[in-house]
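Peer 1: Before I ask anything, here is the structure I am working with.
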Amino acid sequence: MLLRVTDLKTHFFTTRGVVRGVDGVSFTLEKGEVLGLAGESGCGKSTLGYSLIRLVPPPGRIVGGEIELDGLNLTSMNENTFRREVRWKRISMIFQGAMNALNPVYSIGYQMMEPFKYHTDASEDEAKERIARHLELVGLDPEIVSRYPHELSGGMKQRVMIAMALLLEPDLVIADEPTTALDVIVQAQIINLLKKLKKELGLSLIFITHDLSILAEISDKIAVMYAGKIVELGDSEIIYENPKHPYTQKLLAAIPRVHERVDKLEFIPGAPPNLANPPPGCRFHPRCPYAIKICMEKEPGKEVLDDGRVIYCHNIPR
Amino acid sequence: MSFAKYLGIRIFNALLVLIFVTFVVSILFVKVAEDDAKTRIAEIINNEARNPSLIRLKANDPEAFEKWKRNRMEQLKREFELDKTFWERVISKTKNTLLLDFGNARSPVFGEIKVSKIIEKAIPRTVLLFTTAQIIITFIGLILGIKAAQKAGKAVDKLLSVLAMLTASLPMWWVGMVFILIFAFQLGLFPASSLPDPNLEGFAYYRDLIWRMLLPLATVVFVSFGGWAYTTRNIMITTMHEDFITVARAKGVPENRVIYGHALRAASPPIVTNVIIGLLGSLGGAIITEAVFNWPGMGRLYWVALQQSEVNLLMGVTYVTVALFLASMIIADVIYGYLDPRVRVGR
Amino acid sequence: MRLEDLKESAKDFLHEFRYQKGGIIGFVLLVILVSVAVFAPYITSPDVPERWSKEFWVENPQNAPPTWINYFSSEKLAPHEVYTIEDMQVEDMGGGRKIIKIVYMNSYDSPPKDIVLKGFETTASDVRQKPKMTIILKRPDGNEIVLMKDRRISSNTVIQIATNTEVKNNVFNWAKTTSGVQLNPVEEIKLQALMDTMKILFGKVDKKIFESPVPLLGEYVFEIQITSSDDDTINLSNFTAVFSGRTYGLMGTDSKGRDIWAGLIWGTRVSLSVGIAVAVLSVLIGVVYGVASAYFGGWRDELLQRFNEFMFSLPVLPILILLGAYFKGHVDLVQIVLLLVLFGWVGVAKVARSMALQIKEQTFVEAARALGAGSGRIVFKHIMPQIMPYAFSQMALSVPYAVMTEAALSFLGLGDPTAVTWGQMLYDAQNAGATINGYWWWVIPPGLAIALVGLSFVLLGVALDRILNPRMRTL
């Protein structure tokens, strides 16, 4: 087992009260596995991603739970060791805002060189060689190192980001909405690239997106998050073909499918709750068509179904 | 468009502005000079008419006297170029000014009578005072601004914004007056007048110069550093919220390098532009501050020119100030282009 | 509906404003400043602006510090006091003889600089018929000095005790005899020329009376006897005795004897009106210019932008100085406002244009256009309402700039010489060498006043900015 997250809690201490961005999340990830993390905007997926690399923006803070990478406890590690030993070297991240993730005043080469500078004692030539190899891997001309971010297209920048994330061959890559800012064609190219890399490098990946249709293509497991909690977690195919949690069902009903006829796309009425003051009981109950009395009173506990999926629901629709 | 071409266009534009401003200012100037010249001519003729031989002439042959007067008037008008049309004079004034020929002052300033020479002496002193001040301000501003940006919303940050607001409301020259009151008059620590002692030479001269520069320097720094630190803070905060800062942190770049490397470097183009714009913005206050301290630079020249109605001198300093201002804007552009690759390569 | 919208947003605004501490301070300061400006004639006197630039204020001491410095220093200085006839005891002795008594409590280490008697009104035309006046001083130690004997007075008589030759001689002789100081003739002439009459009058009688008189505290009575012939009347209702102080009022005086407090109060009017006029005009012009530029687009936008850039590339103060010099230093306030507006609109126009461009591209504006909304409707219904919040905060933030530039021009002697302005007060102070002579009461208050106006508008502007342009709040 590569990653084990147990009861992780990341809260934001704002002037309007404590916002529970991630509120008791547990899951595990095997080596070479891709976990898709899905949910509406503001459900805590990105916060979960940032928590794993310990870069929750203030006033946010990890307040509880444990993150274990290869048996190494990441939550209790001191900041400096974590920076030196874990960031990028063992966990790297591909960011949401492809447009802005590269520093405009440094050349691509400089920015790709940095991880070597702070994490390895590789010689400059060695580093350059590896940079070139990784750029080729993501389908870019190695000559690009002398260029500046503004000279690249959005898709090229995202490829650079991916190459950069893989440079030190980390145990885990977190991809936070890596395709959101890109147009559809480039999106497809990037997904295909990630699929290829997964196959070739045996990449362990946490793929965060609000777009479930992308997850179907790439992930082995899917975790669906709602209001800071995971509501359903299981093998990709099982979840995709046979969603059990009402929220997952609604999410899937909201995306068009290529191979099936869908008469009408659905939408989920209402909006995710305010995480500073979430509803009691199951957090989804105000929007849930199957809600019964207990849903309003008691938080649903963890339940493992026969097909191996984990679900949190009082009234699983049959 | 290449940066060189862009720069070329900027310089060309600046020259156009300079020519146009000089032209407009020349119109005003020629008008003032005309009134001036008329009174001067009347004065000269009245003076000469007191000559005994002319008094006799006036008594014996009034017509001949009138004739002499007319001739003399014509002659003087030629001398003062009043025989030319208004626009001819404007054009020639514009041309002369553009070529740095400002004519003479009526009485010598800094031991020189030629306006261009006077200005030549004043510029280095102004540059010395205000560049030194700006370097100090930039340095303090950067340190404070970055600290405040790191601790946004905390006490240090709040204190800085209060300080910035307070000092932004103070006229720099008035602070200069208060500093003289406190440090020169009350405490007797510094000289009230910054006019350096011309009798000193070598090391002693420079020591005296620095000694006399301290109070005006302190004034400029005191008034400007708060606002400048606040500007730095705002630019830094904006930059620190950028994604690439998070990326740098995720890459495991040490926090110090994130701030002084990634953030500061990325923020440097607007910071540098702001330094220069700030320098130019403080020009007005600086001019008067020099006058308050008797610092023998451009500001002092303004004061002298206004107090003694030295029209040529005023025209000269204004032209040179405008030219320096335009040049600094171009320098700001060049530095911006150098620091920001987006501008360097194309626009 | 619209009125209700307005009410609603006003309510929101007030609600938000309550959390802006700086804004509240700024607002309170502004209210105080405006009331000072409005009530200036009642706080001081209505003739201040008229008298300010024209004349010496002869009745006042020159360069006198404020009276309250006595609380902070061990040496007590006599304040400026004016005795009118109501403050004196007048006895009519009959036969044209009147005795006026002025009682002066001296509790100061440094006596008044001078005592000025004036305001006699007589009808006598014949010189020999003019009333006669004798002044006797009764000191707390029982000594009596005849300061002046049988001096003929007329309507324009002004007696300055400190410098009057007769008084000087009398006082010198009295001091010499009572103290018994032996003086050789050379010394005597020197001392007589240099002595401070007032210090001797209010000094202890001892050997040091000439060199370093020690103040004698207590009650002094000036007895003024006036004898006039029967057929002529003397009217004393305007008679005043001015004890010219070593200190003066709340803020002291300048080198022309002008009351600095009065100048400060009246300066508020000019400063506020120039500042607000410049700010409002230049922001309005800037917004209209910017929006027009953005709305027209094309070559008109290009042209307007070129001109804007041209204005932006000019250094403001040097050009203003030259223009001021062109007016020969007699720039009246309206001209100053226009000159400042000339340069004030430039920055606002730039920002207004880019804001208008952004708004123009917003979907709802496009939708409105698609629905057939005219350009006037789009500008006034969609663009203006979004720019106005920025304009308001910008107005507040432009005031300090205008106030300071006005002060700077005045300080260079390019202001309106007939107006009472803080910049002009500082110009006078600089020319009189106030800093090197240590006349802090002349230098510090006008600058603080400028700073106060600046500060209140900066506070207000920043608060408005935070409320009205919320996207800036994170900064």
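Peer 1: What is the number of the single condition among (1) modelled with pLDDT under 90; (2) more than 7 Å from every other protein chain (Cβ to nearest Cβ) that residue B:329 does not meet?
Peer 2: Tallying (1) modelled with pLDDT under 90; (2) more than 7 Å from every other protein chain (Cβ to nearest Cβ), residue B:329 fails exactly one: (2).
Peer 1: Shifting gears a bit: Considering only region B:269-284, I want to know if a residue exists there that is more than 37 Å from the chain's Cα centre (by Cα) and either away from chain C (no Cβ under 11 Å) or aromatic (Phe, Trp, Tyr) (or both).
Peer 2: No, that holds for no residue.
Peer 1: Taking region C:391-416, which residues are more than 22 Å from residue B:164 (Cβ to Cβ), within 12 Å of another protein chain (Cβ to nearest Cβ) and part of a helix (DSSP H, G or I)?
Peer 2: C:406, C:409, C:410, C:411
Peer 1: Evaluate the following for residue C:429: is it facing another protein chain (nearest Cβ under 8 Å), at negative phi, in a helix (DSSP H, G or I) and at pLDDT 90 or above?
Peer 2: For residue C:429, the condition - facing another protein chain (nearest Cβ under 8 Å), at negative phi, in a helix (DSSP H, G or I) and at pLDDT 90 or above - is met.
Peer 1: Out of the residues in region C:19-63 that are over 29 Å from residue B:162 (Cβ atoms) and among the polar types (S, T, N, Q), state the one that is surrounded by the most Cβ atoms within 10 Å (Cβ to Cβ).
Peer 2: So the residue we want is C:60.
Peer 1: What pairs come out if I take residues in region A:107-121 that are in contact (Cβ under 8 Å) with a residue 24 or more places away in the chain and pair them with residues that are among the aromatic types (Phe, Trp, Tyr) whose C-beta lies under 7 Å away, six or more apart or interchain?
Peer 2: A:107/A:148; A:115/A:88; A:119/A:88
Peer 1: Then there's this: Can you report the number of residues in region A:88-136 which are crowded, with 24+ Cβ neighbours inside 10 Å, at pLDDT 85 or above, assigned to a loop (DSSP other than H, G, I, E, B) and touching a strand residue (DSSP E or B) at 6+ places or on another chain (Cβ under 9 Å)?
Peer 2: The total comes to 1.
Peer 1: Kindly indicate the residue of region A:137-162 that is assigned to a loop (DSSP other than H, G, I, E, B) and of a type in the set (Ser, Thr, Tyr) and also modelled with the lowest pLDDT among those meeting that condition.
Peer 2: Going through the qualifying residues, I end up with A:153.
Peer 1: Report yes if some residue within region B:212-226 is modelled with pLDDT under 85, surrounded by fewer than 18 Cβ atoms within 10 Å (Cβ to Cβ) and under 28 Å from residue B:324 (Cα atoms); otherwise report no.
Peer 2: no
Peer 1: Against the definition (crowded, with 22+ Cβ neighbours inside 10 Å, within 8 Å of chain B (Cβ to nearest Cβ), of a type outside the set (Gly, Ala, Ser) and within 34 Å of the chain's Cα centre (by Cα)), how does residue C:340 come out, yes or no?
Peer 2: Taking the combined requirement at face value, the residue does not satisfy it.
Peer 1: So residue B:135 clears everything in (1) buried (at least 16 other Cβ atoms within 10 Å of the Cβ); (2) under 30 Å from residue B:264 (Cβ atoms); (3) within 17 Å of the chain's Cα centre (by Cα) except one condition, right? Which one?
Peer 2: If we test residue B:135 against (1) buried (at least 16 other Cβ atoms within 10 Å of the Cβ); (2) under 30 Å from residue B:264 (Cβ atoms); (3) within 17 Å of the chain's Cα centre (by Cα), just (1) comes out false.
Peer 1: Further, regarding this structure: Have a look at A:197, A:172, A:182, A:193 and point out the one that is surrounded by fewer than 24 Cβ atoms within 10 Å (Cβ to Cβ), in contact (Cβ under 8 Å) with a residue 12 or more places away in the chain and touching a strand residue (DSSP E or B) at 6+ places or on another chain (Cβ under 7 Å).
Peer 2: Result of the check over A:197, A:172, A:182, A:193: A:172.
Peer 1: Among what's in region A:260-307 and is closer than 29 Å to residue A:213 by Cβ and in contact with an Asp or Glu (Cβ under 7 Å, 6 or more places away or on another chain), pick the residue that is modelled with the highest pLDDT.
Peer 2: A:282
Peer 1: Inside region C:292-368, counting only helices (runs of 4 or more DSSP H) that do not spill past its ends, which hold 1 or more residues that are over 21 Å from residue B:22 (Cβ atoms) and without any contact (Cβ under 8 Å) to a residue 24 or more places away in the chain?
Peer 2: C:298-312, C:333-361
Peer 1: For region B:162-185, give me each residue that is more than 15 Å from residue B:294 (Cα to Cα) and touching a Gly at 6+ places or on another chain (Cβ under 9 Å).
Peer 2: B:162, B:163, B:164, B:165, B:166, B:167, B:168, B:169, B:170, B:171, B:185
Peer 1: Going by what's in this entry, would residue C:475 be described as at pLDDT 90 or above, more than 17 Å from the chain's Cα centre (by Cα) and within 8 Å of another protein chain (Cβ to nearest Cβ)?
Peer 2: no
Peer 1: Restrict the check to region A:41-56 and report whether at least one residue is in a strand (DSSP E or B) and either surrounded by fewer than 24 Cβ atoms within 10 Å (Cβ to Cβ) or touching a strand residue (DSSP E or B) at 6+ places or on another chain (Cβ under 8 Å) (or both).
Peer 2: no
Peer 1: Counting residues that are surrounded by fewer than 18 Cβ atoms within 10 Å (Cβ to Cβ), which helices (runs of 4 or more DSSP H) fully inside region C:154-231 reach at least 2?
Peer 2: C:165-179, C:185-194
Peer 1: Right, another one. Kindly list the number of the only condition in (1) buried (at least 16 other Cβ atoms within 10 Å of the Cβ); (2) touching a residue at least 24 places away in the same chain (Cβ under 8 Å) that fails for residue A:154.
Peer 2: (1)
The values are calculated or read from the model by the stated rules, or taken from the named source; none is laboratory data. A quick note: this is a predicted structure, and the numbers were derived from the prediction, not measured. All Cβ positions, even for glycine, are placed from backbone atoms using ideal geometry, and neighbour counts span all protein chains on display.
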